[in-house]
Each structure stands twice: as C-alpha cells, then as structure tokens.
Amino acid sequence: NNFLQNICNMNRVKIYTRRAIFMCLLLAVCLDADSASVIKPTLMILPSDHWCEQRFYMTSWDNQGVKEKTPDYKEAFLQDSELTQVISSLGQLLTKQGYSLKDAEQEIKAVSNRIAEDNVTMSSTTGSTIAESPLDMIKKRAKMDILIQVDWSFNSDRSVSFTLEAFDTYTSKRIATASGTEKPSNEIIPVMLERAVKSKIKDFDKQMDRFYTDCDKNGREIILTVKCWDNWTENLETENENGDELIDVIGKWLKKNTVNGVFNLSDATEYFAQFEQVRIPLFDKEGESIDARGFATELRKYLSNECGITSKVMTRGLGEAIIVLGEK
C-alpha cells in the first residue's frame with residue numbers, strides 16, 4: 001500500500017509540475033504579446049532651452065513682426081563637441097529600450113536649407129511670409145513622435161546633475177521626466193552622464209510607454225480650427241437640404257472619424273470653430289502615420305465631395321491644423 005501511495009504521490013507531483021510549467025509558458029507568451037503590441041515611438045534628442053541659454057547658443061527670429069528667441073541648435077552642434085557625445089550616449093541607451101531615433105544634427109542641417117527656401121516664399125495674393133519657429137520646422141521635417149530635451153551641469157565637486165524631459169511633439173505636453181546626480185568622478189562628462197541616466201532609464205521608459213499605450217488605445221490629441229475667408233458668401237451656420245448647419249455636418253464627420261468619437265468644441269461663431277482634444281488614430285487605413293495635416297486633409301476632401309465646399313489646409317507644427325473655407 002505504501003508503495004502504491006508513493007507512486008500516486010509522484011504522479012501528482014508530475015502533474016502539478018507540468019501544470020506549473022504550462023502556466024509559466026502561458027504567462028510568458030501573454031507578456032510577450034502585450035509588450036509587442038506597444039509600438040515604440042520615434043524620438044529625437046535635443047539640448048534643453050536652459051542649456052542653450054547658459055552656453056549662449058540662442059538666436060532670434062521674426063514671428064510676424066515680433067522678435068522671438070529660440071535655441072540655435074545648428075551652432076550648438078558645430079561648436080560644442082560635448083553635446084554630440086552626450087546625445088550619442090543617451091541615444092544608445094534609448095535604442096536598447098527599443099526606440100527608433102532620428103539624428104538631430106542631420107535633420108537640423110536639412111531644416112537650414114528649408115528655412116532659406118521659406119525666407120523667399122510669399123503668399124500669391126497678399127505677399128505674406130511664412131511664420132514658423134525653427135523648432136516647429138524640425139518637428140515637421142523629422143516627423144518624430146516624442147522630443148526629448150536634456151539638460152546637464154558639471155558641479156564644483158566634480159559630480160554631474162541632469163534633467164531629462166520628454167514632450168509630445170503634437171501638443172508640447174510633458175509626458176515623462178527624470179533627474180539625478182552622478183557621484184564625483186574624474187571621468188569625462190558624457191560617461192558620467194550616461195551612467196546617471198542609466199539608473200533612471202527604466203522608470204523614464206515606463207512613463208513614455210504609458211503615454212504611447214494611451215495614444216494607441218484612445219488616439220492622439222490634436223487641435224482643429226475651422227475658419228472662413230471673408231469673401232465667402234456662406235458660413236458655419238449655412239444649412240444644407242436636410243436642415244443641418246455646416247458646423248453640425250463637421251461635428252458628425254468628427255464623431256465618425258475620431259477615436260471613440262472624442263473631441264471638444266471649445267469655441268464657435270458663425271465664421272469660426274475650434275475643436276480641441278481631438279483624438280485621431282496613430283495610423284491611417286494604409287498603415288501610415290497620420291498627423292493633424294493628414295487628418296484635416298481628409299475633412300477637406302469630405303467637404304469638397306459631399307458639400308461642394310472648397311477649402312485650404314494650413315498647419316502649426318504636427319498637432320494643429322487650420323481649415324479655411326471658401327477657396328484655396
């Protein structure tokens with residue numbers, strides 16, 4: 001009897017062991033599937049405004065008659081060898097976390113050429129020039145999802161302090177932050193900084209994952225503004241054959257084409273409407289990334305095909321689109 005009981009106990013142990021192994025494998029598969037479902041966003045790393053100000057890498061640009069001050073990234077990359085080393089070190093850390101990195105230095109060179117072109121670009125009707133900050137141009141040209149700004153300082157005791165901040169390029173909202181101080185050392189600053197950031201990178205990565213998982217589930221946030229040319233004979237209160245005002249027609253289209261129908265009409269008159277917290281999908285039907293311009297262009301096509309309304313699409317950065325009704 002004892003012999004038979006021992007065999008039964010051994011069989012039970014084998015069964016429980018198999019079940020435990022199966023559950024572990026199932027859990028591992030689930031975790032892999034969950035992590036694979038979150039597509040890592042595209043990043044670009046730039047020095048913070050404060051760092052550029054402290055090292056005198058600033059420039060001014062004309063925003064429709066108003067002088068604006070902005071970091072001179074091109075000069076910073078040309079003059080500061082430490083900057084290139086720091087961004088390279090941080091880039092390696094983030095690449096290991098699965099992110100795709102845009103090369104800031106190369107994109108800035110391309111933007112310089114575009115700025116030269118825009119300086120001689122004028123409206124065919126009024127002669128107005130394009131008003132856009134250099135940073136907005138970098139965002140549009142590089143098409144990154146998240147902008148990471150790094151600030152660091154070398155302290156009197158030979159320690160290094162840093163601040164790392166991640167911003168959504170569509171809304172400029174801060175989505176992740178990390179800071180710390182590396183103990184005093186005789187090593188070069190990029191090495192010390194890399195070690196300091198490495199100790200905080202996992203928590204920083206989790207913050208960005210939470211943001212992008214939310215975007216994947218609930219859509220990316222943009223601002224959409226609808227205006228009317230002053231020579232247009234209609235407006236947003238114009239009714240169609242069904243008695244619906246144009247503002248209502250646009251609202252129905254947004255309800256159908258935003259993620260979960262989420263948007264907020266924050267302000268409206270007969271000639272103007274502003275929709276905020278407009279949640280658009282990350283990708284279009286062809287699987288391509290979509291920004292505010294792409295989303296607004298789809299609305300422009302709808303208004304043209306269904307309502308016979310000609311309109312013009314303009315943008316401010318990646319996250320704000322303006323549709324002007326009545327003509328191009």
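Of note:
- Peptides ranked, highest mean first, by Cβ atoms within 10 Å: ranges 96-103, 276-283, 227-234: 276-283, 96-103, 227-234
- Charge tally in the Cβ shell below 10 Å around T225, where Lys, Arg are +1 and Asp, Glu are -1, T225 excluded: -1
- Distance (nanometres) between label positions extended 7 Å along Cα→Cβ at S100 and E82: 3.4 nm
- Other residues with beta-carbon under 12 Å from the beta-carbon of K252 carry, at +1 per Lys or Arg and -1 per Asp or Glu, a net charge of -2.
- Over 19 Å (Cα to Cα) - which of K74/K202; K252/K301; K227/K312 fall in this group: K74/K202
- Inter-part distance, segment 60-104 to segment 206-243, computed on C-alpha centroids, equals 31 Å.
- Per residue, the accessible area of segment 137-194 comes to 43 Å² when a 1.4 Å probe rolls over the protein heavy atoms.
- Accessible-area rank, largest first, for R300, R195, R210: R210, R195, R300, with all protein chains present and a 1.4 angstrom probe.
- Percent RCO, i.e. relative contact order, over segment 147-277, from Cα pairs under 8 Å lying at least 6 residues apart: 17 percent
- Each Lys or Arg adds one and each Asp or Glu subtracts one; over the other residues with Cβ under 11 Å from the Cβ of G326, this totals 0.
- By the rule of a C-alpha distance below 19 Å, with chain neighbours fewer than 8 residues away ignored, the lysines paired with K200 are K40, K96, K183.
- Segment 257-323, accessible area per residue, ligands and nucleic acids excluded (1.4 Å, Å²): 52 Å²
The values are calculated or read from the model by the stated rules, or taken from the named source; none is laboratory data. As the structure is a prediction and not an experimental result, all values here were calculated from the model. Methodologically, a virtual Cβ is constructed for each residue, glycine included, from the backbone with ideal geometry; neighbour enumeration extends over all protein chains shown. Side chains are part of the model used for accessible areas, which takes the heavy atoms of the whole protein and leaves out ligands, DNA and RNA. Shrake-Rupley method; radii C 1.70, N 1.55, O 1.52, S 1.80 Å.
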